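Participant: Attaching a single structure in structure tokens format; questions to follow.
The values are calculated or read from the model by the stated rules, or taken from the named source; none is laboratory data. Computed from a prediction, not measured in an experiment: that's the story for all the values here. Cβ placement follows ideal geometry from the backbone for every residue including glycine, while neighbour counts extend to all protein chains displayed.
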Ligand code: F0G
């Protein structure tokens, strides 16, 4: 049986690596493309979820981190640094461990989920909580990368985008062609830029060191990005100084990949719009309760966007739509325990007794 070898080895001919490259991998990629039955029924299109929570550290960041850490080792780095809303730090910490490098992560104090915080600590990263937001953390991380002996592994490093473009390759490889619409959450805007790069490369002949590869897809999708309403610089048209949303993963006001995200939107004939925290939480509940897919709130922004566009009559039927759900629900599980009216679900307590348990379940004896 074929064992998935991680995105670098699976797509080596389309990535900036050679046979001599020492690959740092945890077996990332090869994630499920799940047919979303209820979203398909709702829209009359075939809707699929690219479930990126199934990566080794539970988010899509691992696709980029295998490339970034491989590049760090190639450059002879001894230490890496990143700014993060949580997932990048979890991924950097794990891949730095695999590479034998030191890792420092800068996170906004009080604004990252417990799951992500514990991953970075478990993998032995030096974690500093900055008195500021993600954008402030990224400023510091960039300056450290420029003026100090540490290698920056944020998505401003082009190796990250190279790795993340493989998400688009996998979608096309699964479906046999590109979808009509690709939907995803937008924060620092690396991922929308990476998917667009991947879709473009797969739709045209591709030059490699060993010759030209033929086009794999016949088309590219329309890109639909969704931001949290309180952190929606692309909707405002300018950076936001005080971004705020319960979806801490995408609580970002000054996205690093601004120009490439705007290009992805405009070249594809797509859009970047906003969804409210309530819409994000409703989509989060939809995914868990109707599709069987548990994601973290920020990951549900794309689904929230699709549901909102459908309600506005703006989702075409009869199309193929892929939504990247970016991170696992266990990263930030507290939201699952919250009901629609804002109160917390209290598990029912029962005595150690089958008759009472059966009665509580509404079961009558055979
Ligand atoms: N979804 C999740 C779960 C994320 O963690 C992120 C970004 C995004 C979506 C947005 O992707 O930044 O490429 O537009 N998280 C980064 C981090 C910023 O530090 O983990 P993007």
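Participant: Is region 291-310 home to any residue that is closer than 26 Å to residue 57 by Cα, away from the ligand (no atom under 15 Å from the Cβ) and either surrounded by fewer than 24 Cβ atoms within 10 Å (Cβ to Cβ) or not assigned by TED's automatic domain parsing to the domain that holds residue 174 (or both)? Show your work before the answer.
Facilitator: As a first pass, look at region 291-310 and keep what is closer than 26 Å to residue 57 by Cα: 291-305.
Within this subset, residues satisfying the condition of being away from the ligand (no atom under 15 Å from the Cβ) are 291-292.
Filter again for either surrounded by fewer than 24 Cβ atoms within 10 Å (Cβ to Cβ) or not assigned by TED's automatic domain parsing to the domain that holds residue 174 (or both), leaving 291-292.
Yes, because at least one residue in region 291-310 is closer than 26 Å to residue 57 by Cα, away from the ligand (no atom under 15 Å from the Cβ) and either surrounded by fewer than 24 Cβ atoms within 10 Å (Cβ to Cβ) or not assigned by TED's automatic domain parsing to the domain that holds residue 174 (or both).
Participant: Another question, if that's okay. Having 3 or more residues that are under 20 Å from residue 45 (Cα atoms) is the bar; report the strands (runs of 3 or more DSSP E) wholly within region 207-323 that clear it. Before the answer, list the steps.
Facilitator: Details: elements: 211-213, 222-228, 271-275.
Counting at least 3 such residues, we get 222-228.
Participant: Further question on the same structure: Say whether the condition of being outside the structural domain of residue 105 (by TED's automatic domain parsing), more than 16 Å from the ligand (Cβ to nearest atom) and in contact with a strand residue (DSSP E or B) (Cβ under 9 Å, 6 or more places away or on another chain) is met by at least one residue in region 223-234.
Facilitator: Going residue by residue through region 223-234, those that are outside the structural domain of residue 105 (by TED's automatic domain parsing) are 223-234.
Narrowing the set further to residues that are more than 16 Å from the ligand (Cβ to nearest atom) leaves none.
For region 223-234, residues outside the structural domain of residue 105 (by TED's automatic domain parsing), more than 16 Å from the ligand (Cβ to nearest atom) and in contact with a strand residue (DSSP E or B) (Cβ under 9 Å, 6 or more places away or on another chain): absent.
Participant: I would also like to ask the following. How many of the residues making up region 307-331 are free of Cβ contacts under 8 Å to residues at least 24 places away in the same chain and within 20 Å of the chain's Cα centre (by Cα)?
Facilitator: At the first step, the residues of region 307-331 found to be free of Cβ contacts under 8 Å to residues at least 24 places away in the same chain are 311-314.
Next, only the ones that are within 20 Å of the chain's Cα centre (by Cα) stay: none.
Summing the residues that are free of Cβ contacts under 8 Å to residues at least 24 places away in the same chain and within 20 Å of the chain's Cα centre (by Cα) in region 307-331 gives 0.
Participant: Looking only at region 55-73, decide whether some residue is touching a strand residue (DSSP E or B) at 6+ places or on another chain (Cβ under 6 Å), at pLDDT 95 or above and assigned to a loop (DSSP other than H, G, I, E, B). Before the answer, list the steps.
Facilitator: Taking region 55-73 and keeping what is touching a strand residue (DSSP E or B) at 6+ places or on another chain (Cβ under 6 Å), we get 58-59, 72.
Now restrict to residues that are at pLDDT 95 or above: 58-59, 72.
Now drop any that are not assigned to a loop (DSSP other than H, G, I, E, B), which leaves 58.
There is at least one residue in region 55-73 that is touching a strand residue (DSSP E or B) at 6+ places or on another chain (Cβ under 6 Å), at pLDDT 95 or above and assigned to a loop (DSSP other than H, G, I, E, B).
Participant: Limited to region 35-53, what total is found for residues that are crowded, with 19+ Cβ neighbours inside 10 Å and assigned to a helix (DSSP H, G or I)?
Facilitator: Of the residues in that region, 4 qualify.
Participant: Can you name the condition, by its number, that residue 87 falls short on among (1) away from the ligand (no atom under 16 Å from the Cβ); (2) in contact (Cβ under 8 Å) with a residue 24 or more places away in the chain?
Facilitator: Answer for residue 87: the failing condition is (1).
Participant: Can you name the condition, by its number, that residue 317 falls short on among (1) out of contact with any helix residue (DSSP H, G or I) (no Cβ under 7 Å at 6 or more places or on another chain); (2) surrounded by fewer than 14 Cβ atoms within 10 Å (Cβ to Cβ)?
Facilitator: (1)
Participant: Sticking with this structure for a sec: So for region 67-76 (the condition being over 22 Å from residue 161 (Cα atoms), more than 16 Å from the ligand (Cβ to nearest atom) and surrounded by fewer than 22 Cβ atoms within 10 Å (Cβ to Cβ)), does at least one residue qualify? Steps first, please.
Facilitator: Start the filter on region 67-76 by keeping residues that are over 22 Å from residue 161 (Cα atoms), which leaves none.
No, every residue in region 67-76 fails to be over 22 Å from residue 161 (Cα atoms), more than 16 Å from the ligand (Cβ to nearest atom) and surrounded by fewer than 22 Cβ atoms within 10 Å (Cβ to Cβ).
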